[in-house]
Amino acid sequence: MTAPGRTAADTRFLEDFRAMSAFGATPSGGVDRQAATEPDNAQRRWLAGLLEQAGLRVVYDRIGNQFGLLERVPGAPYVVVGSHLDSQPTAGRYDGAYGVLAAAHAVLRAAERDAAEGAEPPYNLTIVNWFNEEGSRFTPSMMGSAVYTGRLPLETALASRDRAGTTVAQALAPTGFLGDTDGPAAVFCAEIHVEQGRVLEDTGTTIGLVEACWAARKYRVTVRGDQAHSGATVMEDRRDALLGASLLVVAARELADRFPGVLHTAVGSMDVYPNSPVTVASRAELLLDLRSHDEAVLAEADRLLVQEVARIEGRARVEVDLDLSHAWGIDRYQPEGVELARGAAERLGLSHRGILTVAGHDSINMKERVPTVMLFVPSVEGVSHNEGEYTEDGDLLAGLDLLTDVVRGLGSGALPSTGVHDPAAARP
């Protein structure tokens with residue numbers, strides 16, 4: 001039964017969302033769908049069935065990105081719309097998955113409305129489910145879109161290993177999700193996502209028009225000490241790598257406390273060797289990142305981090321290798337795309353505001369190749385990467401309405417094209 005104020009199409013979307021959320025469902029209401037695991041594979045098969053039933057052709061590229069092609073103009077490039085279905089371990093239902101399902105419904109609605117009005121748009125449409133956006137099983141994150149855009153070599157991505165030693169190529173080989181092409185050529189891109197923060201909720205705003213991504217510096221850190229007996233070794237003789245790593249974790253948090261609201265820091269992963277209960281650790285490996293919307297603050301935090309590393313080396317009698325793996329400045333989306341979305345929000349009567357994204361998204365890779373629109377809907381209490389992640393149905397539907405309008409605009413050529421991205425040409 002359709003709720004008052006909702007269309008039958010809205011009800012179908014919410015029903016599809018509930019069905020989609022059953023894949024990898026956890027007892028506490030979240031999901032666990034790490035890339036190329038069976039829950040992720042099962043959900044991909046479900047999505048393929050949904051798209052094929054609607055008349056779309058489903059294809060996969062050489063890194064396992066999943067595309068649902070709606071061809072309207074033979075030979076024309078595609079407006080690429082979507083996000084990702086893979087998740088963190090014990091994650092929420094909304095992160096990424098909402099953007100894929102909203103893309104599927106928005107593309108179909110946009111095509112139906114264009115056909116009903118007799119419009120003849122110049123571009124094709126495709127839904128995308130990017131492979132391994134989260135990076136929880138394989139590194140780096142945003143892998144599928146990085147390969148598609150030529151920012152990461154295909155061979156490097158396929159050789160990435162999970163903790164059990166399985167490569168991406170080995171994980172994808174039996175799934176049927178490895179294609180023999182590089183994917184459709186893109187002319188524009190759009191992605192909608194839950195905010196993963198509290199700006200929209202705190203300001204009572206329905207739509208975030210993403211203008212830029214925070215600057216960031218990401219490190220792989222190795223702390224080296226000496227293996228020793230955890231009971232017998234004299235304390236002052238110890239060179240405890242885990243002590244050094246722990247001091248570094250605290251130092252990262254204290255850096256954020258020095259720049260409240262302006263700097264975010266985290267150590268999201270740590271591996272300790274030999275990880276034995278009766279042995280002082282000889283090595284610890286960490287992933288540490290610094291993020292800020294102020295590049296001067298980020299530079300100062302980076303300088304202070306190097307100072308802290310030297311202090312920790314002396315205090316714990318360890319050696320610390322601080323290797324920069326990723327770095328970028330304030331990364332802006334095309335302002336014409338922001339204005340296209342703003343106009344659509346105003347036509348629909350949706351409250352909106354410009355916003356920055358702290359998290360990385362596949363659209364960040366895409367905007368380096370084609371004009372790209374990124375949209376947010378509110379996250380209740382800003383909870384994300386957590387089973388308690390939640391967005392109100394009304395906000396999900398408002399975002400879907402806006403995305404549909406944006407897709408129609410992009411498909412009709414409402415933005416100037418800066419050229420077509422051919423992923424085959426991007427490969428070295």
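The values are calculated or read from the model by the stated rules, or taken from the named source; none is laboratory data. Owing to the predicted nature of the structure, the values given are computational and were not obtained by experimental measurement. Here the Cβ positions follow ideal geometry from the backbone for every residue, glycine too, while neighbour counts run over all protein chains shown. Areas reflect the complete protein model, heavy atoms only, side chains present, ligands, DNA and RNA absent. Shrake-Rupley method; radii C 1.70, N 1.55, O 1.52, S 1.80 Å.
Tell me which of these Thr11 doesn't satisfy, since it passes every other one: (1) part of a helix (DSSP H, G or I); (2) open to solvent by less than 10 Å² (accessible area, probe 1.4 Å).
Here Thr11 clears every test but (2).
Which of the numbered conditions does Thr139 fail, given that it passes all the others? Conditions: (1) under 13 Å from the mean Cα position of the chain (by Cα); (2) touching a residue at least 24 places away in the same chain (Cβ under 8 Å).
Result: Thr139 passes all but (2).
Collect the residues in the range 280-308 that are within 18 Å of Ser325 (Cβ to Cβ), among the small types (Gly, Ala, Ser) and open to solvent by 20 Å² or more (accessible area, probe 1.4 Å), keeping them in residue-number order.
Correct list: Ala299 only.
Considering only residues of the range 379-409 that are without any contact (Cβ under 8 Å) to a residue 60 or more places away in the chain and open to solvent by 50 Å² or more (accessible area, probe 1.4 Å), which is nearest to Glu346 (Cα to Cα)?
It comes out as Asp401.
Residue check, Leu324 against (1) touching an Asp or Glu at 6+ places or on another chain (Cβ under 7 Å); (2) assigned to a strand (DSSP E or B), all met but one. Which one?
The single condition Leu324 does not satisfy is (1).
State whether the residues of the range 310-317 include one that is assigned to a helix (DSSP H, G or I), under 25 Å from Ala256 (Cα atoms) and in contact with a Ser or Thr (Cβ under 8 Å, 6 or more places away or on another chain).
No, the conditions are met nowhere in the range 310-317.
If you check Leu51, Leu47, which single one turns out to be at pLDDT 95 or above, among the aliphatic types (A, V, I, L, M) and farther than 27 Å from Arg163 by Cβ?
Leu51
Which numbered condition in (1) of a type in the set (Gly, Ala, Ser); (2) at pLDDT 95 or above; (3) at positive phi; (4) crowded, with 16+ Cβ neighbours inside 10 Å is the only one that Ala344 fails?
Unmet condition: (3).
Can you confirm whether the range 18-35 contains a residue that is assigned to a loop (DSSP other than H, G, I, E, B), more than 24 Å from Gly144 (Cα to Cα), open to solvent by less than 60 Å² (accessible area, probe 1.4 Å) and free of Cβ contacts under 8 Å to residues at least 12 places away in the same chain?
No.
Could you check, for the range 276-286, whether at least one of its residues is over 23 Å from Leu298 (Cβ atoms) and under 25 Å from the mean Cα position of the chain (by Cα)?
Yes.
Being at positive phi and among the hydrophobic types (A, V, I, L, M, F, W, C) is true for just one of Ala36, Ala97, Ala103. Which residue is that?
Result: Ala36 is the single residue among Ala36, Ala97, Ala103 that is at positive phi and among the hydrophobic types (A, V, I, L, M, F, W, C).
Here are Val272, Val223: which of them is within 23 Å of Thr139 (Cβ to Cβ), under 33 Å from the mean Cα position of the chain (by Cα), crowded, with 18+ Cβ neighbours inside 10 Å and among the β-branched types (Val, Ile, Thr)?
Criteria check complete, one pass: Val223.
Mind counting the residues in the range 316-331 that are among the charged types (D, E, K, R) and exposed (fewer than 11 other Cβ atoms within 10 Å of the Cβ)?
1
Glu134 - would you say it is in contact (Cβ under 8 Å) with a residue 24 or more places away in the chain and not aromatic (Phe, Trp, Tyr)?
So Glu134 fits the description; yes.
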